[in-house]
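Enquirer: Here you go, one structure.
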Amino acid sequence: MYQLLKQIVRVGIKTEAPPQSDEGLRLLNQRLQQEILGMFAGSLAIRHVDAGSCNGCELEIHMLSNPYYNIEALGIKFVASPRHADLLLVTGPVARNMEVALKRTYDAMPAPKLVVAVGDCGCTGGIFGESYASCGRVANVIAVDVAVPGCPPTPVALLQGILTAISADAKG
Amino acid sequence: MAFDSLRLHLSELPGAVPAWQGQTTAAELPDICHAVKVQGGRLAALWGTDEQDHGQGYVLHLALAKPEGMLWLRSALPADQPHYPDLSPIFYPAHRLQRAARDLLGIDAQAADRRPWLRHAAWQATDLPLRHDADAAAVFEQGGDDYAFTTVVGDGVHEIPVGPVHAGTIEPGHFRFSIVGEKVLRLEEHLGYTHKGVDKRFQGMALAEGVRLAGRVSGDSTVAYAWAYCMALESIAAAAPPARALWLRALMLERERIANHLGDLGYLGNDGGLAFGLAQFMRLKEDVLRMNAGLFGHRYMMDCIVPGGVACEPGREGLEAIGAECDALEREVHLLKDIYDDHPGLQDRFLTCGRLTANTASKLGVIGLAGRASAQAWDLRAQARPAPYDVLDARMKTHKNGDVAARVIMRFDEIFESLRLVRSVIEHIGAGEIAVPLPDIPSGRMGLGWVEGWRGESVVALESGEDGRIRSCHAHDPSWQNWPALAFAVFNNIVPDFPLINKSFNLSYSGCDL
């Protein structure tokens, strides 16, 4: 236990404060918190669905929770059930074998609900496109509020996408 | 040579790995497979192609591996009755591979299990999407999706259906647990949810473009797949990349292994109740990814390996930075390993949990990291040793216990070995070109790629078509072999240990749903 505590103290807090020199990024973190406070009373609950991705986007969604991005400190958490979720984060081109499961997950969410399509595949179908096995982009299957391009999008791009979704909802 | 005793007419394929190709009739396959198995070989991949546009029927392809090399066997099947003998009694992984080939192409091993595997509701048994005459853009009429799971009956037995949408940020698949109390009596897996039609998508792509798709078969193994694809294409072209490119490929492959192992060790700590481990290891993984982004232009090194070489050059300073990072990582990971080793709560969760015995692993043909944790000594880097592993002297790590603890130890051991290999690359690498242009490639040539990724081996079999395009390309993920092992590993464990056991295998869905 001593070694464990020593390691925690030695490493310290790695979470990156909103960088002062990057106005865009600083704004991002602040606006994110304000929007969440306004819209979701201090907590945004995200349900992730992999609708057919290559698992590259999942790697970056995982990284959102690491100490550098520390997404939970921003009041955002990933939840296990769509019934607890405010926002659906969808990766992949939608495999036809996942079409029904994705629709059911979306239907299971309480309103108001937001959808963010993640990655080049989620935005356009990407390299897999549309075929006998793929419905292509997420918007071909459910309504999408924001699409975040990238293969895969970086954690910062993902955060930006989530912010944009919340802002769009506030305007609407 | 490795397959002499089979008395087949074999031709050696040029390229980085020892590989031979031969033809045989379908009727001879059981004897050949049996002979390979007796000699310590195994089934590496099984797939089919449609040759009716060439006035023939279908071809069943088998990749059979021995430590010394790979045999790629082709068996012609008639168009009107494309049947072949069931090979699953000899090679366990054939069960699902045969079902997948039947779903896509209609070639039929006539095995007892008539259930589809990749085909859910998106197409019907009479639609054969991988046939050349099937329009790639066609959308088929939906079929029914009523998969017949095996039912376990008895006093107090009940089922827990899980998925395809899982509770965490993971890929989709369905798990059907039959349990009594908390104890798992049976786990039946139903995969194929992320089937994206990859084999069909490959057809007609430019040979040089195919590497991008190969790099997205399973995103966490993008380096392994890109290298395997390029190895296959370079085999066809009979062109070797420059030495510096090969060193850089090995550097990237080992960095991919380190990054994935770091992430898994974090999640294994977390699933064992030690959130500290997740925070610590994910911090280290993020550092590795940031170094990748800085030196290779991509956090996961996607599209950095290209036919003929590599697309990025970290330079002298970059290599020095990687060397310094290796030293820092080694210290940090040792420290965390001591903490894991000394943590009674964590070890209590790890030890004896999800045990896959060496005997079961051998029967199932389990490979890669999970195989080595159950005493299955397969590591291409230490056996067939494609360049530059012929110089690198990679040391294979194995363990005999086959439990979660063994798969954790394997990851620690392999991180340390990969750090050693990365340092060795930095010592050996010389100046020079990082890519050569490939010559024009005539149609009808075949090449094989075989790379030991972090999870296990990635195999890519490529055939060139007209105008520098792909006639057919098939990518095989080690998860095909290892998914069945998960069902054996959870037997008699309690349901709450399943996430931990599953994570300790960390298999790809996308890689084998294709």
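The values are calculated or read from the model by the stated rules, or taken from the named source; none is laboratory data. These numbers come from a predicted model, not from an experiment. Ideal geometry is used to build each Cβ from the backbone, glycine not excepted, and the neighbour counts take in all protein chains shown.
Enquirer: Condition first: closer than 23 Å to B:E209 by Cα and in contact with a Ser or Thr (Cβ under 9 Å, 6 or more places away or on another chain). Now tell me which residues in the stretch A:127-154 satisfy that. Full working, then the answer.
Expert: At the first step, the residues of the stretch A:127-154 found to be closer than 23 Å to B:E209 by Cα are A:127-137, A:149-153.
Correct list: A:F128, A:G136, A:R137, A:P149, A:P152.
Enquirer: Further, regarding this structure: Can you pull out the residues in the stretch A:127-139 that are surrounded by fewer than 22 Cβ atoms within 10 Å (Cβ to Cβ) and over 17 Å from B:Q142 (Cα atoms)?
Expert: Once the filter is applied, which keeps residues that are surrounded by fewer than 22 Cβ atoms within 10 Å (Cβ to Cβ) and over 17 Å from B:Q142 (Cα atoms), the stretch A:127-139 yields A:I127, A:G129, A:A139.
Enquirer: Can you find, within the stretch B:189-217, the residue that is surrounded by the fewest Cβ atoms within 10 Å (Cβ to Cβ) among those that are at the interface with chain A (Cβ under 8 Å from one of its Cβ atoms), touching a Phe, Trp or Tyr at 6+ places or on another chain (Cβ under 7 Å) and within 22 Å of B:E256 (Cβ to Cβ)?
Expert: If we take residues in the stretch B:189-217 being at the interface with chain A (Cβ under 8 Å from one of its Cβ atoms), touching a Phe, Trp or Tyr at 6+ places or on another chain (Cβ under 7 Å) and within 22 Å of B:E256 (Cβ to Cβ), then B:L213 is surrounded by the fewest Cβ atoms within 10 Å (Cβ to Cβ).
Enquirer: Consider the stretch B:430-471. How many of its residues are surrounded by fewer than 20 Cβ atoms within 10 Å (Cβ to Cβ) and out of contact with any strand residue (DSSP E or B) (no Cβ under 8 Å at 6 or more places or on another chain)?
Expert: Of the residues in the stretch B:430-471, 8 are surrounded by fewer than 20 Cβ atoms within 10 Å (Cβ to Cβ) and out of contact with any strand residue (DSSP E or B) (no Cβ under 8 Å at 6 or more places or on another chain).
Enquirer: State all residues of the stretch A:110-140 that are in contact with a Leu (Cβ under 6 Å, 6 or more places away or on another chain) and in a loop (DSSP other than H, G, I, E, B); if no residue qualifies, say none.
Expert: A:I127
Enquirer: Do you know which of the residues in the stretch B:472-514 that are closer than 29 Å to B:P14 by Cβ and over 14 Å from the mean Cα position of the chain (by Cα) is surrounded by the most Cβ atoms within 10 Å (Cβ to Cβ)?
Expert: Selected residue: B:C473.
Enquirer: Only residues in the stretch B:333-350 that are of a type in the set (S, T, Y) count as the first member; pair them with residues that are surrounded by 14 or more Cβ atoms within 10 Å (Cβ to Cβ), Cβ under 7 angstrom, at least 6 apart or cross-chain, and list the lot.
Expert: Final answer for the pair search is B:Y340/B:G269; B:Y340/B:G277; B:Y340/B:L346.
Enquirer: Something else: Starting from residues that are over 20 Å from B:G269 (Cβ atoms) and of a type in the set (S, T, Y), keep the ones in the stretch A:57-92 and report whichever is nearest to the other protein chains (Cβ to nearest Cβ).
Expert: A:S81
Enquirer: To continue, here is another question. Here are some residues: B:L87, B:L128. Which one is farther than 27 Å from B:D220 by Cβ, modelled with pLDDT of 90 or more and within 11 Å of chain A (Cβ to nearest Cβ)? Full working, then the answer.
Expert: Values: B:L87 fails: within 11 Å of chain A (Cβ to nearest Cβ).
The conditions single out B:L128.
Enquirer: Shifting gears a bit: Going through the stretch B:256-270 one residue at a time, which ones are more than 17 Å from the chain's Cα centre (by Cα) and either away from every other protein chain (no Cβ under 13 Å) or surrounded by fewer than 24 Cβ atoms within 10 Å (Cβ to Cβ) (or both)?
Expert: B:L265, B:Y267, B:L268, B:N270
Enquirer: For residues in the stretch B:131-152 being over 29 Å from the mean Cα position of the chain (by Cα) and modelled with pLDDT of 90 or more, which is surrounded by the fewest Cβ atoms within 10 Å (Cβ to Cβ)?
Expert: Selected residue: B:T151.
Enquirer: I would also like to ask the following. Quick check on the stretch B:340-352. Is at least one of its residues of a type in the set (G, A, S) and away from every other protein chain (no Cβ under 14 Å)? Walk me through it before giving the result.
Expert: Within the stretch B:340-352, the first condition is being of a type in the set (G, A, S), and the residues that meet it are B:345.
Pick out the ones that are also away from every other protein chain (no Cβ under 14 Å) and you get none.
Within the stretch B:340-352 (the criterion being of a type in the set (G, A, S) and away from every other protein chain (no Cβ under 14 Å)), the answer is no, since none of the residues qualifies.
Matching residues to (1) of a type in the set (G, A, S); (2) in contact (Cβ under 8 Å) with a residue 24 or more places away in the chain:
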{"position": "A:D86", "(1), (2)": "no, yes"}
{"position": "A:E99", "(1), (2)": "no, yes"}
{"position": "A:A111", "(1), (2)": "yes, no"}
{"position": "A:N140", "(1), (2)": "no, yes"}
{"position": "A:A143", "(1), (2)": "yes, yes"}
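Enquirer: Looking at the stretch B:264-282, is at least one residue among the small types (G, A, S), without any contact (Cβ under 8 Å) to a residue 40 or more places away in the chain and over 19 Å from A:N66 (Cβ atoms)?
Expert: The answer is no, given that none of the residues of the stretch B:264-282 is among the small types (G, A, S), without any contact (Cβ under 8 Å) to a residue 40 or more places away in the chain and over 19 Å from A:N66 (Cβ atoms).
Enquirer: If I filter the stretch B:462-474 for residues that are within 17 Å of B:L191 (Cβ to Cβ), in contact (Cβ under 8 Å) with a residue 40 or more places away in the chain and more than 14 Å from every other protein chain (Cβ to nearest Cβ), do I get at least one hit?
Expert: Just the residues of the stretch B:462-474 that are within 17 Å of B:L191 (Cβ to Cβ), to begin with: none.
Among the residues of the stretch B:462-474, not one is within 17 Å of B:L191 (Cβ to Cβ), in contact (Cβ under 8 Å) with a residue 40 or more places away in the chain and more than 14 Å from every other protein chain (Cβ to nearest Cβ), which makes the answer no.
Enquirer: From the list B:A382, B:A328, B:A293, which residue is small (G, A, S), in contact with a Lys or Arg (Cβ under 7 Å, 6 or more places away or on another chain) and within 14 Å of another protein chain (Cβ to nearest Cβ)?
Expert: None of the others qualify; the one that does is B:A293.
Enquirer: To continue, here is another question. Provide a single number: the residues in the stretch B:342-384 that are assigned to a helix (DSSP H, G or I) and among the small types (G, A, S).
Expert: Taking the stretch B:342-384 first, the residues assigned to a helix (DSSP H, G or I) are B:344-350, B:358-364, B:368-372.
From what is left, the residues that are among the small types (G, A, S) are B:345, B:358, B:361-362, B:368, B:370-371.
Of the residues in that region, 7 qualify.
Enquirer: Does B:D413 fit the bill of being more than 22 Å from A:S53 (Cβ to Cβ), without any contact (Cβ under 8 Å) to a residue 40 or more places away in the chain and either among the acidic types (D, E) or surrounded by fewer than 18 Cβ atoms within 10 Å (Cβ to Cβ) (or both)?
Expert: Working: more than 22 Å from A:S53 (Cβ to Cβ): yes; without any contact (Cβ under 8 Å) to a residue 40 or more places away in the chain: yes; either among the acidic types (D, E) or surrounded by fewer than 18 Cβ atoms within 10 Å (Cβ to Cβ) (or both): yes.
For B:D413, the condition - more than 22 Å from A:S53 (Cβ to Cβ), without any contact (Cβ under 8 Å) to a residue 40 or more places away in the chain and either among the acidic types (D, E) or surrounded by fewer than 18 Cβ atoms within 10 Å (Cβ to Cβ) (or both) - is met.
Enquirer: B:A111: of a type in the set (G, A, S), closer than 19 Å to B:G511 by Cα and surrounded by 16 or more Cβ atoms within 10 Å (Cβ to Cβ), yes or no? It would help to see each step written out before you state the result.
Expert: Working: of a type in the set (G, A, S): yes; closer than 19 Å to B:G511 by Cα: no; surrounded by 16 or more Cβ atoms within 10 Å (Cβ to Cβ): yes.
The answer is no for B:A111.
Enquirer: Hey, does the stretch B:166-181 have a residue that's within 14 Å of chain A (Cβ to nearest Cβ), without any contact (Cβ under 8 Å) to a residue 60 or more places away in the chain, buried (at least 17 other Cβ atoms within 10 Å of the Cβ) and over 20 Å from B:A489 (Cβ atoms)?
Expert: Yes; the residues of the stretch B:166-181 include at least one that is within 14 Å of chain A (Cβ to nearest Cβ), without any contact (Cβ under 8 Å) to a residue 60 or more places away in the chain, buried (at least 17 other Cβ atoms within 10 Å of the Cβ) and over 20 Å from B:A489 (Cβ atoms).
Enquirer: Kindly evaluate B:A63 against the criterion of being over 23 Å from the mean Cα position of the chain (by Cα) and either under 30 Å from B:A243 (Cβ atoms) or not in a helix (DSSP H, G or I) (or both).
Expert: Working: over 23 Å from the mean Cα position of the chain (by Cα): no; either under 30 Å from B:A243 (Cβ atoms) or not in a helix (DSSP H, G or I) (or both): yes.
When the stated conditions are applied, B:A63 does not pass them.
Enquirer: With the checklist (1) among the charged types (D, E, K, R); (2) farther than 13 Å from B:R407 by Cα; (3) touching a residue at least 40 places away in the same chain (Cβ under 8 Å) in hand, flag the one item B:R355 doesn't pass.
Expert: (2)
Enquirer: Only one of B:L246, B:L284 is hydrophobic (A, V, I, L, M, F, W, C), within 14 Å of chain A (Cβ to nearest Cβ) and in a helix (DSSP H, G or I); which?
Expert: Details: B:L246 fails: within 14 Å of chain A (Cβ to nearest Cβ).
Matching residue, one of B:L246, B:L284: B:L284.
Enquirer: Working only within the stretch B:92-116, note down all residues that are in a loop (DSSP other than H, G, I, E, B) and either within 14 Å of B:L130 (Cβ to Cβ) or of a type outside the set (S, T, Y) (or both). Break it down stepwise before answering.
Expert: Filtering the stretch B:92-116 down to residues in a loop (DSSP other than H, G, I, E, B) leaves B:92-93, B:106-107, B:109-116.
Those that are in a loop (DSSP other than H, G, I, E, B) and either within 14 Å of B:L130 (Cβ to Cβ) or of a type outside the set (S, T, Y) (or both): B:P93, B:G106, B:I107, B:A109, B:Q110, B:A111, B:A112, B:D113, B:R114, B:R115, B:P116.
Enquirer: Checking B:V333 against (1) in contact with a helix residue (DSSP H, G or I) (Cβ under 7 Å, 6 or more places away or on another chain); (2) within 28 Å of B:G15 (Cβ to Cβ), only one condition comes out false. Which one?
Expert: Tallying (1) in contact with a helix residue (DSSP H, G or I) (Cβ under 7 Å, 6 or more places away or on another chain); (2) within 28 Å of B:G15 (Cβ to Cβ), B:V333 fails exactly one: (2).
Enquirer: Go through the residues of the stretch B:196-214 one by one and say whether even a single one is among the β-branched types (V, I, T), at pLDDT 95 or above and not in a helix (DSSP H, G or I). Break it down stepwise before answering.
Expert: Going residue by residue through the stretch B:196-214, those that are among the β-branched types (V, I, T) are B:198, B:211.
So of that shortlist, the ones also at pLDDT 95 or above come out as B:198, B:211.
Still in the running and not in a helix (DSSP H, G or I): none.
Within the stretch B:196-214 (the criterion being among the β-branched types (V, I, T), at pLDDT 95 or above and not in a helix (DSSP H, G or I)), the answer is no, since none of the residues qualifies.
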